[in-house]
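*Asks:* Quick one: structure below, then a few questions.
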Amino acid sequence: MNSLILVAVLLLLSAIGYQFGRKRALAGTGGEIRGLHSLPGYYGAYVALWCALPALLVIAIWLSAQGGIVDSLLIAGLPASAQTLSTGELSLLLSDIRNLASGDITSRTPSPMVLAAAERYNDLRSTGFAAMVVVGLALGMAGFFFGWRAINPEFRARPRVERIVHWALIVASAIAILTTIGIVMSLLFESIRFFSRVSPVEFLFGLNWSPQTALRAEQVGSTGAFGAVPIFAGTFLITIIAMLVAVPVGLFSAIYMAEYASPRFRAIIKPILEILAGIPTVVYGFFAALTIAPFFRGFGESIGLDVASESALAAGVVMGIMIIPFVSSLSDDVINAVPQSLRDGSFAMGATHSETIRQVIIPAALPGIVGSVLLATSRAIGETMIVVMAAGLASNLTANPLEAVTTVTVQIVTLLVGDQEFDSSKTLAAFALGLVLFVITLCLNVIALSVVRKYREKYD
Amino acid sequence: MTDAAMSEDNTPKELEAALEKAPETEAVKALPIKVRATDVNVFYGDNHALKDVTIDIPEHRVTAFIGPSGCGKSTFLRCINRMNDTIDICRIEGKIEIDDRDIYDRSIDVVQLRAKVGMVFQKPNPFPKSIYDNIAYGPRIHGMVAGKTDTDEMVEASLKRAGLWAEVKDRLAQPGTSLSGGQQQRLCIARAIAVSPQVILMDEPCSALDPIATARIEELIDELRRNFTIVIVTHSMQQAARVSQKTAFFHLGVLVEQGNTEQIFTNPVDKRTQDYITGRFG
Ligand SMILES: Nc1ncnc2c1ncn2[C@@H]1O[C@H](COP(=O)(O)OP(=O)(O)O)[C@@H](O)[C@H]1O
Ligand SMILES: [Mg+2]
């Protein structure tokens with residue numbers, strides 16, 4: 001909180017710096033803007049940046065390093081008996097000290113040693129903070145003065161300020177890229193840890209999935225089995241069902257909208273389909289679990305079939321409904337992009353509208369349609385909420401859509417929900433599953449995008 | 001129809017002889033009329049695009065439509081195979097007869113009409129199919145071929161008549177779009193003649209082509225008129241003079257003047273035709 005005030009003070013200082021910079025630049029030419037190299041605002045910005053940037057940077061580094069430094073100073077100051085504690089006990093002790101220092105309740109009645117340490121801890125922290133305030137303000141003032149001094153009418157403020165803006169843009173895009181790389185790396189490293197315990201061959205080809213590992217060694221079923229084939233098969237089954245729903249419905253509605261519908265009808269129906277794409281998946285989830293699944297079950301019963309209440313069919317159908325708008329709106333775009341000259345050519349040969357659609361338009365739009373179907377497939381594979389709510393939890397290797405199956409995303413959720421130690425094979429298995437999911441959807445997207453791009457090149 | 005029958009000259013011998021002897025104007029008049037338009041008016045919504053067009057198009061001749069752009073040449077051409085039906089706001093009045101039958105009559109099936117009246121467009125528009133399938137497309141949808149040998153013969157005959165066979169006979173399975181612009185346009189012509197039409201409409205067929213490809217197509221048009229009646233829209237007066245026997249000049253939706261090509265270009269009656277031909281506008 002106090003650091004926030006420090007930051008606010010620095011920002012205020014830099015705002016003042018902006019005004020001073022402007023004034024000094026204008027004063028140099030006697031208020032004549034045309035005598036300046038750059039517009040006055042650039043001189044102001046130059047001083048403001050010098051004032052704020054170095055100070056804020058140092059504060060950021062200070063804040064991120066302070067915790068560790070204070071902790072190690074604190075440990076060094078503890079009596080010898082505490083120095084020999086194991087890491088676990090030491091961190092417990094440290095958190096006791098911290099809690100006591102901030103006035104919270106501790107897990108046991110504090111010993112004199114802990115009390116003394118808490119006092120020391122507060123001392124160290126307030127000293128550190130005071131030092132940071134001094135350094136930060138000093139840097140701010142120094143920057144202010146330095147920037148202000150440099151200003152004269154010939155000074156080239158614009159290129160300098162613009163270079164800083166340029167760097168800021170680079171940093172922003174680097175953050176986006178680096179976080180992506182970071183996520184992939186963490187997936188990769190955790191998966192490697194998992195594969196050091198469970199062999200990749202077992203994971204990729206094993207037929208038995210029961211990730212429950214026992215906490216105590218003597219417990220029954222303590223080992224856990226990590227053969228992921230049943231979950232891949234379940235994902236595959238549900239995705240197939242979803243595509244069986246989404247591709248015909250999406251494609252036909254796209255053809256109808258692009259080729260037959262009147263402009264007025266199109267204007268109404270397109271936004272409705274887009275609304276379908278805007279429904280939160282959790283809503284689809286309870287639609288699947290509360291409406292569709294019981295319906296299928298009841299219907300199955302009435303014709304003498306045994307349908308599980310969490311059947312793959314229900315989850316797949318609802319997921320298919322969810323991705324209809326993806327297929328239809330992308331396909332609609334590619335069908336519209338087929339040049340009118342091809343339609344004219346076909347009509348002029350005496351072809352009917354439906355012959356033209358089947359034999360000319362669809363073949364011309366096919367690469368784009370394939371691309372949109374692949375993108376929709378990768379959506380379906382990665383979709384989580386619907387299957388968490390409507391598909392089963394138990395792994396079940398079956399091709400029967402009336403039985404319950406589980407999917408990769410469902411397993412990741414169940415493996416990580418709740419209190420978990422982040423070290424067991426069970427939690428690490430989630431990362432391995434995530435990695436597989438990532439690789440598959442990445443491949444699908446890359447293929448889909450390259451197919452779509454190739455298609456674009458052909459007609460533009 | 002077999003290749004031999006198709007390439008046979010349908011023009012009666014006497015007529016051909018008369019054509020050689022008599023002055024051109026007389027010859028054009030003497031020929032049977034293939035397409036006859038009477039008082040045709042076309043509206044695009046409120047835009048009155050064609051006004052009272054009346055023209056006779058002689059059989060086995062090339063008739064050229066010339067005129068500044070936007071004057072309604074394409075619009076009129078598209079009336080002859082009812083392509084304007086595909087435009088919602090387009091309304092047509094008047095009468096167009098082919099072989100003395102009104103093509104806008106209720107009893108006429110537009111699919112059959114278009115099999116009889118082929119069309120070639122300004123920009124070559126081969127279908128996204130192989131060269132072979134491009135040609136086979138029309139005969140297949142009209143049920144004119146049965147079996148593979150039949151289709152093979154038909155494809156070969158059509159490509160030969162469009163003068164494209166030698167260039168593509170070893171690459172029939174390649175996409176039509178892999179050909180050069182001029183070859184694509186000849187493919188489109190071959191595609192049109194594959195359904196043995198009687199009339200072929202061409203809307204500025206050379207405007208997207210280079211001079212050599214253009215010359216090639218003009219030669220082809222001259223050969224084709226032995227078997228087909230050809231109507232060509234062109235913005236090039238030289239082209240009209242080179243390939244056509246009859247020329248019609250359109251201006252602002254009005255058919256200003258029509259007649260023997262030579263007469264139109266050497267001795268135009270109307271002031272507007274004179275101005276256009278001498279390059280004073282357009
Ligand atoms: N599809 C259409 N919709 C509305 N107006 C059109 C359409 N096609 C042509 N027109 C109008 O009809 C007139 C004649 O056009 P067009 O026949 O294409 O001329 P040309 O081929 O002689 O250049 C123009 O005024 C044009 O704007
Ligand atoms: Mg035109």
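*Asks:* Can you say whether B:Asn81 is farther than 20 Å from A:Ile361 by Cα, within 11 Å of chain A (Cβ to nearest Cβ) and within 16 Å of ligand 2 (Cβ to nearest atom), as far as the supplied structure shows?
*Replies:* So B:Asn81 passes the test.
Okay, residues lined up against (1) more than 13 Å from every other protein chain (Cβ to nearest Cβ); (2) in contact with a helix residue (DSSP H, G or I) (Cβ under 7 Å, 6 or more places away or on another chain); (3) at pLDDT below 95:
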{"position": "B:Ile193", "(1), (2), (3)": "no, yes, yes"}
{"position": "B:Ser207", "(1), (2), (3)": "yes, no, yes"}
{"position": "B:Ala213", "(1), (2), (3)": "yes, yes, yes"}
{"position": "B:Arg216", "(1), (2), (3)": "yes, yes, yes"}
{"position": "B:Ile230", "(1), (2), (3)": "yes, yes, no"}
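*Asks:* Something else: Hey, among A:Pro325, A:Pro339, A:Pro367, which residue is touching a residue at least 24 places away in the same chain (Cβ under 8 Å), under 32 Å from the mean Cα position of the chain (by Cα) and closer than 23 Å to B:Leu187 by Cβ?
*Replies:* Matching residue, one of A:Pro325, A:Pro339, A:Pro367: A:Pro367.
*Asks:* Out of everything in region B:163-178 that is part of a helix (DSSP H, G or I) and of a type outside the set (Asp, Glu), what residue ends up being nearest to B:Pro58 (Cα to Cα)?
*Replies:* Within region B:163-178, the subset part of a helix (DSSP H, G or I) is B:165-168, B:176-178.
Remaining after also requiring of a type outside the set (Asp, Glu): B:165-166, B:168, B:176-178.
Values: B:Trp165: 30, B:Ala166: 32, B:Val168: 33, B:Gly176: 33, B:Thr177: 34, B:Ser178: 37 Å.
The extreme case among them is B:Trp165.
*Asks:* I've got another one for you. May I ask you to list the residues in region B:196-224 that are under 10 Å from the mean Cα position of the chain (by Cα) and within 28 Å of B:Gln274 (Cβ to Cβ)?
*Replies:* B:Leu201, B:Met202, B:Asp203, B:Glu204, B:Pro205, B:Ile221
*Asks:* Can you spot a residue in region B:72-95 that is away from ligand 1 (no atom under 11 Å from the Cβ), touching a Ser or Thr at 6+ places or on another chain (Cβ under 6 Å) and touching a residue at least 60 places away in the same chain (Cβ under 8 Å)?
*Replies:* no
*Asks:* Right, A:Arg358: away from chain B (no Cβ under 14 Å), over 29 Å from the mean Cα position of the chain (by Cα) and charged (D, E, K, R) or not?
*Replies:* Criteria not met by A:Arg358.
*Asks:* Hey, another quick one. Name the helices (runs of 4 or more DSSP H) wholly inside region B:179-282 in which the number of residues that are within 15 Å of ligand 1 (Cβ to nearest atom) and not β-branched (Val, Ile, Thr) is 1 or more. Please lay out each step first, then the result.
*Replies:* Values: elements: B:181-193, B:211-224, B:237-243, B:261-266, B:271-277.
Result: B:237-243, B:271-277.
*Asks:* Pick out the one residue from A:Ala380, A:Ala376, A:Ala308 that is of a type outside the set (Val, Ile, Thr), under 25 Å from A:Ile240 (Cβ atoms), outside any helix (DSSP H, G or I) and assigned by TED's automatic domain parsing to the domain that holds A:Val410.
*Replies:* Checking each option against the conditions leaves just A:Ala308.
*Asks:* Considering only residues of region B:114-143 that are closer than 19 Å to B:Ile221 by Cβ and among the polar types (S, T, N, Q), which is nearest to the other protein chains (Cβ to nearest Cβ)?
*Replies:* So, considering only residues that are closer than 19 Å to B:Ile221 by Cβ and among the polar types (S, T, N, Q), the one nearest to the other protein chains (Cβ to nearest Cβ) is B:Asn125.
*Asks:* Could you pull out the residue among B:Met144, B:Met154 that is surrounded by fewer than 18 Cβ atoms within 10 Å (Cβ to Cβ) and under 15 Å from B:Ala192 (Cβ atoms)? Steps first, answer last, please.
*Replies:* Details: B:Met154 fails: surrounded by fewer than 18 Cβ atoms within 10 Å (Cβ to Cβ).
So the residue among B:Met144, B:Met154 that is surrounded by fewer than 18 Cβ atoms within 10 Å (Cβ to Cβ) and under 15 Å from B:Ala192 (Cβ atoms) is B:Met144.
*Asks:* While we're looking at this one, here's another question. Could you say which residue among B:Thr63, B:Thr54 is buried (at least 23 other Cβ atoms within 10 Å of the Cβ) and either within 12 Å of ligand 1 (Cβ to nearest atom) or not in a loop (DSSP other than H, G, I, E, B) (or both)?
*Replies:* B:Thr63
*Asks:* What's the number of the only condition in (1) within 18 Å of the chain's Cα centre (by Cα); (2) modelled with pLDDT of 95 or more that B:Asn41 fails to meet?
*Replies:* (1)
*Asks:* Would you tally the residues in region B:244-257 being surrounded by fewer than 23 Cβ atoms within 10 Å (Cβ to Cβ) and either more than 28 Å from B:Asn47 (Cα to Cα) or without any contact (Cβ under 8 Å) to a residue 12 or more places away in the chain (or both)?
*Replies:* 1
*Asks:* For A:Val135, which of the numbered conditions (1) surrounded by 12 or more Cβ atoms within 10 Å (Cβ to Cβ); (2) free of Cβ contacts under 8 Å to residues at least 40 places away in the same chain fails to hold?
*Replies:* (2)
*Asks:* From the list B:Ile92, B:Ile96, B:Ile108, pick out the single residue that is within 13 Å of chain A (Cβ to nearest Cβ), more than 16 Å from ligand 2 (Cβ to nearest atom), β-branched (Val, Ile, Thr) and outside any helix (DSSP H, G or I).
*Replies:* None of the other options fit; the residue is B:Ile108.
The values are calculated or read from the model by the stated rules, or taken from the named source; none is laboratory data. Just so you know, these numbers come straight off a predicted model, no measurement behind them. Note: ideal-geometry Cβ built from the backbone for every residue, glycine included; neighbour counts use all protein chains shown.
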